[in-house]
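First comes the structure, then the notes that go with it.
The values are calculated or read from the model by the stated rules, or taken from the named source; none is laboratory data. Note that the coordinates shown come from a computational prediction; the quantities given were computed from them, not determined experimentally. Using ideal geometry, Cβ is built from the backbone for each residue, glycine included, and neighbour counts are taken over all protein chains shown. When the accessible area is computed, the model is the full protein with side chains, heavy atoms only, and any ligands, DNA or RNA have been set aside. Shrake-Rupley method; radii C 1.70, N 1.55, O 1.52, S 1.80 Å.
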Amino acid sequence: MQNTQTVIAGISGGVDSSVAACLLKQHGFQVTGVNIRVLDAPFSEPCIEPSPLIISDHPDFQIPVFSLNLSARFFDKVIGYFREEYLAGKTPNPCMVCNKSIKWHGLLESAKMLGAEFIATGHYARTAFSEGRHRLFKGTDRQKDQSYFLWMLAERELSKTILPLGGLTKPEVRELARHFAVRAAEKKESQEICFVPHDDYCSYLANSIPGLEQQVQGGKIVDRQDKTIGQHRGYPFYTIGQRRGLGISAAEPLYVTGIDPLRNRITVGPKSDLECRKLLASGLNWIGIDPPDAAFESFGRIRYRDRETPCTIEPMEKNRAHITFREPKHAVTPGQAVVFYHTDEVLGGGFISQVYQPMKSRFFQ
């Protein structure tokens, strides 16, 4: 029997999203592709129009594709956030914000406009419905698992989402791409931020914020005793854990351990100063459980390639929580995300807003 369910598949032009769309087509779904544009001339209202993008040369996988210009929203929600976080002395993660504010938002809006029931993307993660809740899980391919970047999604969004690649490995996807005659079958993956040329965020900030370099140059570099040992080019151009480009000499390697935007200074110290066990998370979003009202044990990851380790989560007011790890974490960075897991399931996550360094007996923001 022909599947009459309709799906809007996000199409980026890469192999993953193309294969995801073809898999849905193979399983009988009525598939329409939507290519979300974020770096075009901005329009105040989103408008869907036909796109010349061709997913596959195979006659069985001729999927219509439309384009949706969300450049204005992208500039506000993602680029604006990116700049603000660096100016606040933090290190943003624009991809996870883009997933929530642009990709899922745009696909769900497209589904409304085109009368589709579901949306789909090429992310390596899995969804399931159990015990009355729509849940998010890691992808089968642990090297490609992207569940960390999806912690901001709400259950409502997951209820409309299909992730066809969640149970596949990257080599399997490449092979399917050849089978489906996908035009992007051999296309290399890009690890760069789409709006930052050559992944050089320092040059991007300097060029996109007029006068920034002049305003922040010449700040102090201080050591763990608050002794001035050098000057820097401006606090937004440094990140926690950075070692190169400090322009100072010392008997041992020194790393950026703190960034103070109010005083335009950075603190440096030995590698051991980058270890901490406790942080403050804000903007929490819970997927696999209801918002907790008491401390509980979980496993936490502080960056994409981090290893989950046991932690205690202590809920606080204003949608915040203290997170204490059983073993030290290295270079915990304000602005990044802490994501909580129970085995393969994503329980939720939040933004790292403050990091507690025992040596200093205070928080660094």
(request) Can you pull a Stokes-Einstein diffusion coefficient for the range 232-365 at 37 °C (0.692 mPa s), Rh from Kirkwood over Cα pairs, as a whole number of µm²/s? (result) 211 µm²/s
(message) Can you give me the distance in nm between label points at CYS95 and ARG142, each placed 7 Å from the Cα along the Cα-to-Cβ direction?
(response) 1.9 nm
(message) In the range 225-243, whose amide N lies under 18 Å from the spot 7 Å out along Cα-to-Cβ of GLU213? List them in ranges.
(response) 231-239
(request) List, in order, the whole-Hz ³J(HN,Hα) value for each residue of the range 306-321 obtained from phi through the Karplus relation with A = 6.51, B = -1.76, C = 1.60 and θ = phi - 60°; use x for Gly and Pro. (result) 6, 8, 5, 10, x, 8, 10, 10, 10, x, 10, 6, 6, 6, 10, 7
(message) For the range 119-207, take every pair of Cα atoms, bin their distances at 10 Å starting from 0, and report each bin as a whole percent.
(response) 15, 35, 31, 17, 3, 0
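Just add up the charged neighbours of ALA184: K/R +1, D/E -1, any other residue whose Cβ is under 13 Å from the Cβ of ALA184.
Values: positive: ARG174, ARG178, ARG183, LYS187, LYS188; negative: ASP16, ASP57, GLU186, GLU189.
With Lys, Arg at +1 and Asp, Glu at -1, the neighbours total +1.
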(request) Just the number, please: carbon plus sulfur as a percent of the accessible area of the range 1-75, 1.4 Å probe, no ligands or DNA/RNA counted. (result) 56 percent
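What 222 nm value per residue comes from the helices of the chain, counting each DSSP H run with n ≥ 4 as -39,500 (n - 2.57) and dividing by all residues, nearest 500 deg cm²/dmol?
Numbers: 9 runs with 66 residues, N = 365.
Only helices count here, giving -4500 deg cm²/dmol.
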(message) For GLY348, what residues show an amide H to amide H distance below 5 Å, using hydrogens built from the backbone and excluding near sequence neighbours?
(response) ILE287, GLY288, PHE340
(request) Give the long-range amide H neighbours of GLN336: residues separated by 5 or more places, or on another chain, with amide H under 5 Å away, using H modelled in the peptide plane at 1.01 Å from N. (result) THR91, ILE352
(message) Just to check I understand the Karplus step: with θ = phi - 60° and J = 6.51 cos²θ - 1.76 cosθ + 1.60, what whole-Hz values come out for the range 329-334, glycine and proline as x?
(response) 9, 9, 6, 5, 10, x
(request) Would you mind getting me the FRET efficiency between ASP60 and TYR304? Use the beta-carbon distance for r and R0 = 45 Å, nearest 0.05. (result) 0.80
(request) Pull up all non-local amide H partners of LEU254: gap of 5 or more, or a different chain, and H-to-H distance under 5 Å with H placed in the peptide plane. (result) none
(request) Describe numerically, in nm with one decimal, the distance between label points set 7 Å from Cα along Cα→Cβ at ASP199 and at LYS112. (result) 3.7 nm
(request) List the extent of the Cα atoms of the range 30-71 along each of their three principal axes, largest first, rounded to whole Å. (result) 37, 18, 11
(message) As I understand it, the dipole of the range 256-365 uses +1 on the Cβ of Lys and Arg and -1 on the Cβ of Asp and Glu, about the Cα centre. Which of CYS311, THR257, PHE351 lies farthest toward its positive end?
(response) THR257
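In Å, the Kirkwood hydrodynamic radius of the chain over pairs of distinct alpha carbons?
Numbers: mean 1/r = 0.0452 Å⁻¹.
Answer for the chain: a Kirkwood hydrodynamic radius of 22.1 Å.
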(request) With viscosity set to 1.567 mPa s and temperature to 4 °C, compute the Stokes-Einstein D of the range 1-140, Rh being the Kirkwood radius across alpha carbon pairs; µm²/s, no decimals. (result) 80 µm²/s
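Would you mind telling me the antiparallel percentage of the DSSP bridges in the chain, rounded to 5?
Numbers: 56 of 74 bridges.
Percentage antiparallel, nearest 5: 75.
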(request) Would you kindly derive the ³J(HN,Hα) couplings of the range 269-282 from the backbone phi angles with the Karplus curve 6.51 cos²θ - 1.76 cosθ + 1.60 (θ = phi - 60°), listing them in order in whole Hz, with x for Gly and Pro? (result) x, x, 4, 4, 6, 7, 8, 8, 10, 10, 8, 10, 10, 10
(request) Classify the range 159-290 as rounded, prolate or oblate from the Cα gyration tensor: take a ≥ b ≥ c as the square roots of its eigenvalues, call it rounded if a/c is under 1.5, otherwise prolate when a/b beats b/c and oblate if not. (result) prolate
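May I ask you to compute the full-extension gain from PHE75 to GLU131, defined as 0.36 nm times their residue separation minus their alpha-carbon distance, rounded to one decimal in nm?
Working: separation 56, 0.36 × 56 = 20.16 nm, distance 3.87 nm.
Gain in length upon complete extension: 16.3 nm.
Beyond a 26 Å Cα-Cα separation, which of these cross-linked pairs lie in this structure: LYS25/LYS187; LYS170/LYS329; LYS103/LYS278; LYS160/LYS329; LYS144/LYS188; LYS77/LYS170? Numbers along the way, then the final one.
Working: LYS25/LYS187 21 Å; LYS170/LYS329 29 Å; LYS103/LYS278 32 Å; LYS160/LYS329 35 Å; LYS144/LYS188 14 Å; LYS77/LYS170 30 Å.
Among LYS25/LYS187; LYS170/LYS329; LYS103/LYS278; LYS160/LYS329; LYS144/LYS188; LYS77/LYS170, the Cα-Cα distance tops 26 Å for LYS170/LYS329; LYS103/LYS278; LYS160/LYS329; LYS77/LYS170.
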(message) Using DSSP to call loops (not H, G, I, E or B), can you name the trypsin sites (Lys or Arg not before Pro) in the range 224-256 whose Cβ has at most 10 other Cβ atoms within 10 angstrom?
(response) LYS227, ARG244
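When only Cα pairs under 8 Å and 6 or more residues apart are kept, what is the percent relative contact order across the chain? Can you show the working numbers first?
Details: 808 pairs, mean separation 54.4, N = 365.
With pairs under 8 Å counted, the relative contact order is 15 percent.
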(request) Name the shape class, rounded, prolate or oblate, that the alpha-carbon gyration tensor gives for the range 243-292, where a ≥ b ≥ c are the square roots of its eigenvalues, rounded holds for a/c under 1.5, and otherwise prolate holds if a/b is larger than b/c and oblate otherwise. (result) prolate
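Counting only heavy atoms of protein chains, what accessible area per residue, in Å², does the range 206-274 have with a probe of 1.4 Å? Could the numbers behind the result be given before it?
Details: 3760 Å² over 69 residues.
Heavy-atom accessible area per residue stands at 54 Å².
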